[in-house]
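Peer 1: This structure is in structure tokens; I'll ask about it shortly.
The values are calculated or read from the model by the stated rules, or taken from the named source; none is laboratory data. Here the structure is a predicted model, which is why all the values come from computation and not from measurement. For neighbour counting, all protein chains shown are included, and Cβ atoms are generated from backbone atoms with ideal geometry for every residue, glycine included.
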Amino acid sequence: MTTKKNTFETIEPVGARVLVLKDEPKRETKGGIALPDASEIPTITGRIVSISRQVEHDQDMPLRQYDKIIFHPKNAIPVDFEPDNQLYVVPVEDVVAVFRKQSGPSKKTGELE
């Protein structure tokens with residue numbers, strides 16, 4: 001008798017949640033100074049891999065797939081998918097910021113042409 005191992009190809013968050021691939025913790029500063037493990041700064045940035053249908057259809061929720069975000073890790077649920085797991089299901093209320101690139105120069109309020 002053989003047992004069939006369940007394999008998952010995709011993970012879809014449900015409710016007001018997103019699936020985030022957490023960034024690797026920084027091991028050195030921009031200046032090249034190596035950080036010892038004891039003083040490691042926890043990384044709370046990541047990239048959205050998948051969003052729930054609820055978030056996708058919510059016009060007030062500015063989150064899209066592949067957005068880079070900052071999130072509060074307290075309520076993030078790790079997904080035991082692989083040994084070196086970096087996937088987390090994060091409630092949208094724990095997403096505190098989204099990185100956006102500004103396209104072209106912008107005018108400041110009240111600036112004349």
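Peer 1: I'm trying to understand the selection: among the residues of region 63-85, which are surrounded by fewer than 11 Cβ atoms within 10 Å (Cβ to Cβ) and not aromatic (Phe, Trp, Tyr)?
Peer 2: Matches in region 63-85: Lys74, Asp80, Glu82, Pro83, Asp84.
Conditions (1) modelled with pLDDT of 90 or more; (2) over 15 Å from Ile48 (Cβ atoms); (3) out of contact with any Pro (no Cβ under 9 Å at 6 or more places or on another chain); (4) among the charged types (D, E, K, R), marked per residue:
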site: Asp67; (1), (2), (3), (4): yes, no, yes, yes
site: Asn85; (1), (2), (3), (4): no, yes, no, no
site: Lys101; (1), (2), (3), (4): no, yes, yes, yes
site: Gly104; (1), (2), (3), (4): no, yes, yes, no
site: Lys107; (1), (2), (3), (4): no, yes, yes, yes
